[in-house]
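The values are calculated or read from the model by the stated rules, or taken from the named source; none is laboratory data. Being a predicted model, the structure only gives us computed values, none of them experimental. When we count neighbours, we look across all protein chains shown, and the Cβ atoms used for this are built from the backbone with ideal geometry, even at glycine. Only protein heavy atoms, including side chains, enter the accessible area calculation; ligands, DNA and RNA are left aside. Shrake-Rupley method; radii C 1.70, N 1.55, O 1.52, S 1.80 Å.
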Amino acid sequence: MRLRCMVIALLAGIAAQAPSAWAGKFVDRLPAGSEAPIPDFSYTDLVDRLSAMTLHHIEGVWQYNDTDVEVAIVRRSVYQPVSANESDHYLMIVVDAPNRTIRPGTIMGHISRADKERVYTARIYTSAVGSHLTIPKTFTITLDSSDNSFSLRKHNSQMLVFLWRFAPYLWRYPITPEYQNITRTGCVRRYPQPSPPLEPVYL
């Protein structure tokens with residue numbers, strides 16, 4: 001009887017801890033390939049949702065440097081049901097891309113808050129077959145102190161994926177041998193409008 005009680009207590013403890021452990025691996029739950037876009041996704045609806053929220057540092061619409069690719073980063077709860085312990089998990093969503101086979105509303109990455117302020121762990125697709133995004137890789141996202149831009153650093157690997165180089169085509173797959181963590185400028189904020197603006201405003 002005592003052994004049975006101990007087993008039940010142990011199983012209850014595991015069950016209680018399971019949601020937290022599962023939530024901690026949210027980035028690793030990005031599927032091997034992208035799924036159907038978010039139903040009825042639009043930029044107007046996205047901005048309406050964001051404007052009604054108190055935004056976290058990383059939330060908003062971002063543009064890859066030197067490209068026309070735009071992505072949104074929003075709390076997962078904006079578009080998907082979540083549990084109470086998943087408030088620090090975010091979706092990276094395609095807003096607009098020159099490659100029109102990649103539809104707006106396609107989830108292209110999972111992001112979770114790291115231990116340091118303005119630092120996040122991300123799992124992002126790095127290639128595509130038609131409209132299907134594939135080959136997820138793990139990155140560290142670091143926001144600058146103004147929250148107006150962030151850098152992307154691929155985790156330790158002998159192959160470095162220059163995500164920002166092929167972003168205009170969403171996606172080609174250029175890879176370069178590399179034996180260190182390398183940082184390159186990643187994205188600049190487009191919404192909410194940075195203050196001061198990243199570009200001069202001409203009257």
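Numbers below:
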item: Where Ile141 falls short, out of the listed (1) of a type in the set (A, V, I, L, M, F, W, C); (2) modelled with pLDDT under 85; (3) not in a loop (DSSP other than H, G, I, E, B); result: (2)
item: Scope the stretch 43-87; condition under 13 Å from Arg189 (Cβ atoms) and part of a strand (DSSP E or B); matching residues; result: Gly60, Val61, Trp62, Gln63, Tyr64, Glu70, Val71, Ala72, Ile73
item: Filtered residues of the stretch 105-129 (kept if open to solvent by 10 Å² or more (accessible area, probe 1.4 Å), touching a helix residue (DSSP H, G or I) at 6+ places or on another chain (Cβ under 7 Å) and either aliphatic (A, V, I, L, M) or part of a loop (DSSP other than H, G, I, E, B) (or both)); result: none
item: Candidates Ala97, Ala72, filtered to the one that is open to solvent by less than 10 Å² (accessible area, probe 1.4 Å), of a type in the set (Gly, Ala, Ser) and within 12 Å of the chain's Cα centre (by Cα); result: Ala72
item: Residue count for the stretch 144-155, restricted to those that are open to solvent by 20 Å² or more (accessible area, probe 1.4 Å) and either among the small types (Gly, Ala, Ser) or assigned to a loop (DSSP other than H, G, I, E, B) (or both); result: 7
item: Members of the stretch 42-52 that are surrounded by 12 or more Cβ atoms within 10 Å (Cβ to Cβ) and hydrophobic (A, V, I, L, M, F, W, C); result: Leu46, Val47, Leu50
